[in-house]
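The values are calculated or read from the model by the stated rules, or taken from the named source; none is laboratory data. Remember, it's a predicted structure, so these values are computed and weren't measured experimentally. Cβ: placed from backbone, ideal geometry, glycine included. Neighbour counts: every protein chain shown.
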Amino acid sequence: MSVALDKYFFAGYRGYYTGGETFLEIIGLGAINNQSFTVRESKLKERGIKLGDFLSASVPIGKPVENFNKMNYKFKVDVDGNTATIEDQEADLEKNEDGVLVFRTKTFGPVRSIKQNIPVGKYRINIRATRTSEEDLFNGMKYCADVKEPINSPLSDVVVGTGFGMCNLNISNKKKMNAFVYSSIPKGEDTTYFLWICDIHQLVNTKKGTFQFAESFRKSVFSSKTHQLALGHFFEGIFKETSNEKSKWQCVKYMKPIDPLLKGEVVSNCVVLKTKIERYEPGDGVRNRLPQVYSKHLGKIIDNKEKLSENCNGREIKTQLCKVGDQFRWVVIELL
């Protein structure tokens, strides 16, 4: 009978089982940095191991991790709440075979750079464990790193100007967003779901100086053999940006159902929604533009039957997708 060899880990962050008991996520070092295990914090505490410590353990095939022993690594570790960070590490930044920027480290192996828009070179970094909610966005990599500063390279002369913070972990053109199903088409074993993304506020400038929602940025598709989603179903998913002009985003992973962000019903296989008017804009006869209103989760809604008056801000309406010209648009059905 073979004996499982010891492997080396870092206790990266604390989580909670459904019953409230805490666990520590231990992540492999070096060549096994793609492995991680959850271990009851009380069990590790018996061995003098706490959040932010390094340890050895054996991983028998088909059995739980065992034989925990604390290891003394001379790293500066900061524990903040439930997360432990290894500070002030030096590493070279380069692109891996997938085109992703990673830091090459001896102890931790390749570590994903949180920022993907910086030049390659040598940096001083802070390393932490990737959280479970981030793993899909980080392509399953168990470690990630923030840059402190470039070091000992021509990059020292580079002026780095930081801009607005990233929203919803926009990494590798992927975002975690909320959407709902407004139509579906079965295709053999697959079903293609047509989605409306609720929390994109992508704006485009018009010649008159106003802003309009770019509707193609709100549309998405999701194809699956294993999901059965009803019309009007709201959920959280991972969306990847595409070059498709009609649908800028593709849902690459269904995460979980969410409470409906809008009230509605299905009438004759069409989704009819209730929403509040945030802003009304009258029509423009010169530009052949219909009156329109704006809704938080739907964007622009066309008043093609001119059911609304200019003092309708704050009122509720019913709306559904209808064909207007050569496009399907949200249109006003009824003023409530």
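Values computed for the structure shown
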{"item": "The range 3-34, subset surrounded by 14 or more Cβ atoms within 10 Å (Cβ to Cβ), in a loop (DSSP other than H, G, I, E, B) and of a type in the set (A, V, I, L, M), residue modelled with the lowest pLDDT", "result": "Ala4"}
{"item": "Residue within the range 71-84 that is at pLDDT below 90 and over 23 Å from Val39 (Cα atoms) present", "result": "yes"}
{"item": "1 or more residues among the polar types (S, T, N, Q): qualifying strands (runs of 3 or more DSSP E) within the range 57-109", "result": "66-71, 83-95, 101-105"}
{"item": "Members of the range 35-54 found to be part of a strand (DSSP E or B) and at pLDDT 95 or above, listed by number", "result": "Phe54"}
{"item": "Meets criteria (under 20 Å from Gly140 (Cβ atoms), assigned by TED's automatic domain parsing to the domain that holds Tyr143 and surrounded by fewer than 19 Cβ atoms within 10 Å (Cβ to Cβ)) for Gly99", "result": "yes"}
